[in-house]
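Undergrad: Sharing a structure below in structure tokens format, with a few things to ask.
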Amino acid sequence: MEFINSAAENNITFVRPAYFIISGFIGIPNIRYYFVFLCFIYILAVVGNTLVMTVFTLDHTLRSPKYIAVFNLAFTDLSSSSALMPKVLDISLLNHYYISYNDCMTFMFFSFTLYVMQAFNLVVLSFDRVMAIMYPLHYQMRVSHKLILSLIAFFWLFAITLMLITVGLLTRLSFCKSVIIQSYYCDHGPMYRLGCNDVTPNRTIAVMAPILILGFPLAFIVGSYCCIGYFLSKISTNRERMKAFKT
């Protein structure tokens, strides 16, 4: 805070500040107890996802397209937790509220990219289940390893490109208002609002990104389950319906 006050007194305009201050945890009583618990949850997530990936790697029978998508989901979940939680725990438990400009941008890029990929992984899994239930006899021909890997690669490329644009637009801002981020991590919304030049491109991407990374996956997943429900309703026998439902 002394740094900000001295900057204001000397009328300094921040183009690229040396650091930001993460203020989301400041002033919350007994916050450390919650994050000690969260630390154990993080350890369980690391152990669980690592175990899942190890089993898929060692068991050669788990090499179908579905398990490729599940492996990628476990990988992104492990990576996103590892990208976010260590810094959050460092801030909350050790009171290290300061983060450098470059570290903050890097932190945002990796955290957002990995969380976006978690949503798109669910799209891939939904697509796989729709094809398995609606086209059981042609599933092996329609859903190949190449198709699933291509979908995953496309979504990775899309997520990385979208986040590069998002973070790149932040680098054009002049942070002359404040360096205090009103969040518990380097969040895009609270950061671009600190800019004192034109933030219209940042506001536009802030509106479009949730539609692309939340609205589209949610709509596709809901639509896939509607298709599955409609298909199950057309099956005449309870035995076949239950078999398809288990799939």
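The values are calculated or read from the model by the stated rules, or taken from the named source; none is laboratory data. Remember, it's a predicted structure, so these values are computed and weren't measured experimentally. Glycine gets a Cβ as well: all are built from the backbone with ideal geometry, and neighbour counts include every protein chain shown. Note: areas computed on protein heavy atoms with side chains; ligands, DNA, RNA excluded. Shrake-Rupley method; radii C 1.70, N 1.55, O 1.52, S 1.80 Å.
Undergrad: What longest range of the chain stays clear of loop-exposed trypsin sites (Lys or Arg not before Pro) (DSSP non-H/G/I/E/B, at most 15 other C-beta within 10 angstrom)?
TA: 64-171
Undergrad: Once segment 10-75 is represented by equal point scatterers at the alpha-carbon sites, with solvent omitted, what log10 I(q)/I(0) does the Debye formula produce at q = 0.13 Å⁻¹?
TA: The calculated log intensity ratios at q = 0.13 Å⁻¹ are -0.66.
Undergrad: Now a separate question. Scale the Cα Rg of segment 86-222 by the rule-of-thumb value 2.2 N^0.38 Å and send over the ratio, two decimals.
TA: That works out to 1.32 for segment 86-222.
Undergrad: Tilt of helix 200-210 relative to the longest C-alpha principal axis of the chain, in degrees (0 to 90, nearest 10)?
TA: In the chain, helix 200-210 runs at an angle near 30 degrees to the longest axis.
Undergrad: Hey, another quick one. Report the extension gain between D59 and Y135 in nm, rounded to one decimal, defined as 0.36 nm multiplied by the number of residues separating them, less their alpha carbon distance.
TA: Length gained between D59 and Y135: 24.7 nm.
Undergrad: So what's the convex hull volume per residue for the Cα atoms of segment 18-157, in Å³?
TA: Spelled out: Cα convex hull of segment 18-157, divided by residues, is 123 Å³.
Undergrad: Using a Gaussian network for the chain with springs between C-alpha atoms less than 10 Å apart, which of these wobbles most: I28, I213, I152?
TA: In the Gaussian network model the winner is I28.
Undergrad: Taking 1 over the mean of 1/r across every pair of different Cα atoms in the chain, what Kirkwood radius in Å do you get?
TA: With all distinct Cα pairs of the chain included, I get 20.9 Å.
Undergrad: Right, another one. Of the accessible area of the chain, with the probe set at 1.4 angstrom, what percent is carbon plus sulfur?
TA: Solvent-exposed carbon and sulfur of the chain make up 69 percent of the total.
Undergrad: If each DSSP helix of 4+ residues adds -39,500 (n - 2.57) and the sum is divided by the residues in the chain, what number results at 222 nm, nearest 500 deg cm²/dmol?
TA: The helix-only estimate for the chain comes to -23500 deg cm²/dmol at 222 nm.
Undergrad: Moving on. Find out how many positive minus negative residues lie around T200, taking Lys and Arg as positive, Asp and Glu as negative, among other residues whose Cβ is under 15 Å from that of T200.
TA: Within the 15 Å Cβ shell, the charges total +2.
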